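I am attaching a structure below and will ask some questions about it afterwards.
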Amino acid sequence: MSELDELYQEIILDHNKNPRNFHKMEDANHMADGYNPLCGDKVTVYLHLDGDVVSDISFDGKGCAISTASASLMTETIKGKTLDEVKTMFESFHDLVTGRKDPMKCEVCVGKLKVLAGVRQFPMRVKCATLCWHTLKAAIESNEDEFVTTE
Amino acid sequence: MVTAENALSIKEWNRSASELDAYKLRDDFPILKRWVHGKPLVYLDNAASSQKPQAVIDAIEKVYTDSYSNIHRGVHALSQECTSAYEEAREKVQNFLNAAHSKEIIFVRNATEAINLVVSSYGRTNLSRGDEIVISAMEHHANIVPWQILCQQTGAVLRVAPMTDEGELQLDEYKKLLNDKTRFVSIVHISNALGTINPIRDIIAAAHDRGVPVLIDGAQSAPHTSIDVQELDCDFFVFSGHKLYGPSGIGVLYGKTEFLDSMPPYQGGGDMISYVSFEKTLYNDLPYKFEAGTPHIAGAIGLGAAIDYLTSIGLDSIAAYEQELLEYATRALAEIPEVRIIGAAKEKAAVISFLIGDIHPHDVGTILDQQGVAIRTGHHCAQPIMDRFGIPATARASLAFYNTREEIDALIAGIKKVIEVFG
Ligand SMILES: Cc1ncc(COP(=O)(O)O)c(C=O)c1O
């Protein structure tokens, strides 16, 4: 597979075209906006946390194929997971896309997120893949008491 | 199919259409021989920064190998040689812009610093609450943010002249914005995101009718069209060396003497004083009043070499050749149904912002890069323009006189590859 084919795999193109969990969440209790000032991309991550379990997650915004697919895959992967599991996943995913970890060795913890491993050949695009995760982290840390929906 | 024969005929065509021989001039730029990802480099990101001819590289090397020393400070031979090379560079810039005096040429780091200098020095002294500054809807962030900071500090108000869907400044609306409160006009000559060439003669004349000074952001115009600041009658003109085939870290502020003389220093330090005591300091004369500290000596000399190089080709030939290349590229892009060009001003420089279907420009940039084609993607430091067109970003090909039709063909082939990947 060429580097380009590895980057733009079918699954990624599919998640870009038909992003999963791509909507605003009316009853979210955590939320955060993420920006990539380099390209003007914006993503909003909505969370519904029950205790320390991600009972629901969604996102919306505008971004490139890599950032859209990454966010879509992220929402699929972490729904139902505990915050501790999410934290470990983010770390493994980060190692994967920055090339610090061999994609073959990551299988257990990141599952289908490993289709994004192609990003490691494109240092300028790593931020595209990680933007949604940083935003997720901000959403988790956002204060539930201060949280006001825009409705 | 491109055969050796018809490739040659394209070359001949190119030569006959304009006096400028891009194929020959390319040899002056060592970096253009590079390959990227196994393909010959096709460098179409000239609006961000342009490549350097050997003459500039040599000039910089010569400073450091032959005569480097600090300037304006020593009686020894090296200091004298270096000082005169630095001051010669100033004269080259003076001639390049046709400024009346060399003391009207201030060396700064880049266009951004030149604008900040005017904003801080002229702006803070002359503007107060309720005063108005007029800019356009197609400014680079460098000509927006410094004015916004000034507005926060002084209570002045920023007014923005709108543009049409084609990306042309609405001159009548601009004129309506000028009123008794207008204290400054600061407008881009050529838009880096749209390629639009603004009618700066009319813009300047309308402001002057009301006694309002005008700054022209020439970051994109100085490298591509000849400039005569006396004929334009602008009060300030700024540009960056690195976009003009010169070194980065050196830029120019031109200002009319009457303004520069009355303005307070921008930064304090060495070189900008004539006498210092703890009680009182006398500032140096122009241009040194605005050049505090040791400047980018080799940068200024390298810029001088870039100017010599450009002048030897001729800015008019460059502009004519780049227009032909722009037309060729625009026509080729128009043949791809998925491509939408953003910016269709009648007067346009060789900058083409475009979108391919709903494919994000970032993905376009990555795939083109794999074909060896370097373009810029993003908001091009002009986010308000993106908002104006309701898009997050564009892909942008910006051309220089060393680009060729074959390189445009490579761009087109790359775009077809993008469409293929995204189905
Ligand atoms: C129109 C315009 N103005 C100002 C600038 C700022 O130039 P610099 O970053 O060299 O200061 C640029 C650079 O992209 C530009 O295109």
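The values are calculated or read from the model by the stated rules, or taken from the named source; none is laboratory data. Since the model is a prediction, treat every value here as computed from it, not as a measurement. Here Cβ is always computed from backbone atoms with ideal geometry, including for glycine, and neighbour counts include all displayed protein chains.
Looking only at helices (runs of 4 or more DSSP H) that lie completely in region B:185-290, which have at least 1 residues being within 16 Å of the ligand (Cβ to nearest atom)?
B:200-209
Ok, one more. May I ask you to say which residue of B:G195, B:G155, B:G123 is farther than 22 Å from A:G40 by Cα and buried (at least 24 other Cβ atoms within 10 Å of the Cβ)?
Of the residues listed, the single one that is farther than 22 Å from A:G40 by Cα and buried (at least 24 other Cβ atoms within 10 Å of the Cβ) is B:G123.
Residues checked against (1) more than 18 Å from B:N46 (Cβ to Cβ); (2) in contact with a Leu (Cβ under 8 Å, 6 or more places away or on another chain):
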| residue | (1), (2) |
| --- | --- |
| B:S353 | no, yes |
| B:D358 | yes, no |
| B:G372 | no, yes |
| B:C381 | no, no |
| B:P384 | yes, no |
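I've got another one for you. Scan (1) over 12 Å from B:L194 (Cα atoms); (2) away from every other protein chain (no Cβ under 11 Å); (3) surrounded by fewer than 17 Cβ atoms within 10 Å (Cβ to Cβ) for the single condition B:A344 breaks and write down its number.
So the condition that B:A344 fails would be (1).
Quick one: in region B:100-130, which of the residues that are within 16 Å of the ligand (Cβ to nearest atom) and either within 14 Å of chain A (Cβ to nearest Cβ) or in a strand (DSSP E or B) (or both) is farthest from B:T257 (Cα to Cα)?
Filtering region B:100-130 for residues that are within 16 Å of the ligand (Cβ to nearest atom) and either within 14 Å of chain A (Cβ to nearest Cβ) or in a strand (DSSP E or B) (or both), the one farthest from B:T257 (Cα to Cα) comes out as B:V108.
Please work out which residue is nearest to B:R405 (Cα to Cα), limiting yourself to region B:24-47 and to residues that are part of a loop (DSSP other than H, G, I, E, B) and either within 16 Å of the ligand (Cβ to nearest atom) or more than 24 Å from the chain's Cα centre (by Cα) (or both).
Only one residue fits best here, namely B:L44.
Would you confirm whether any residue within region B:316-328 is more than 14 Å from chain A (Cβ to nearest Cβ), over 21 Å from the mean Cα position of the chain (by Cα) and crowded, with 17+ Cβ neighbours inside 10 Å?
Yes: region B:316-328 contains one or more residues that are more than 14 Å from chain A (Cβ to nearest Cβ), over 21 Å from the mean Cα position of the chain (by Cα) and crowded, with 17+ Cβ neighbours inside 10 Å.
Only one of these is away from chain B (no Cβ under 13 Å), among the basic types (K, R) and buried (at least 18 other Cβ atoms within 10 Å of the Cβ): A:K101, A:K112. Name it.
Among A:K101, A:K112, only A:K101 is away from chain B (no Cβ under 13 Å), among the basic types (K, R) and buried (at least 18 other Cβ atoms within 10 Å of the Cβ).
For the list (1) in contact with a Pro (Cβ under 8 Å, 6 or more places away or on another chain); (2) within 15 Å of the ligand (Cβ to nearest atom), I need the number of the one condition that B:E173 fails.
B:E173 satisfies all of (1) in contact with a Pro (Cβ under 8 Å, 6 or more places away or on another chain); (2) within 15 Å of the ligand (Cβ to nearest atom) except (2).
Let me ask you something else. Residue by residue through region B:136-161, note down the ones that are in contact with a helix residue (DSSP H, G or I) (Cβ under 6 Å, 6 or more places away or on another chain) and in a strand (DSSP E or B).
Once the filter is applied, which keeps residues that are in contact with a helix residue (DSSP H, G or I) (Cβ under 6 Å, 6 or more places away or on another chain) and in a strand (DSSP E or B), region B:136-161 yields B:L158, B:R159, B:A161.
In this structure, does B:E168 turn out to be touching a residue at least 12 places away in the same chain (Cβ under 8 Å), acidic (D, E) and closer than 20 Å to B:P199 by Cα?
Judged against the criteria, B:E168 is a match.
Inside region B:390-419, can you point out the residues that are modelled with pLDDT under 95 and out of contact with any helix residue (DSSP H, G or I) (no Cβ under 7 Å at 6 or more places or on another chain)?
Within region B:390-419, B:G390, B:I391 qualify.
Hey, B:S317 hits all of (1) more than 18 Å from B:Y43 (Cα to Cα); (2) out of contact with any Leu (no Cβ under 6 Å at 6 or more places or on another chain); (3) at pLDDT 95 or above but one; which does it fall short on?
(2)
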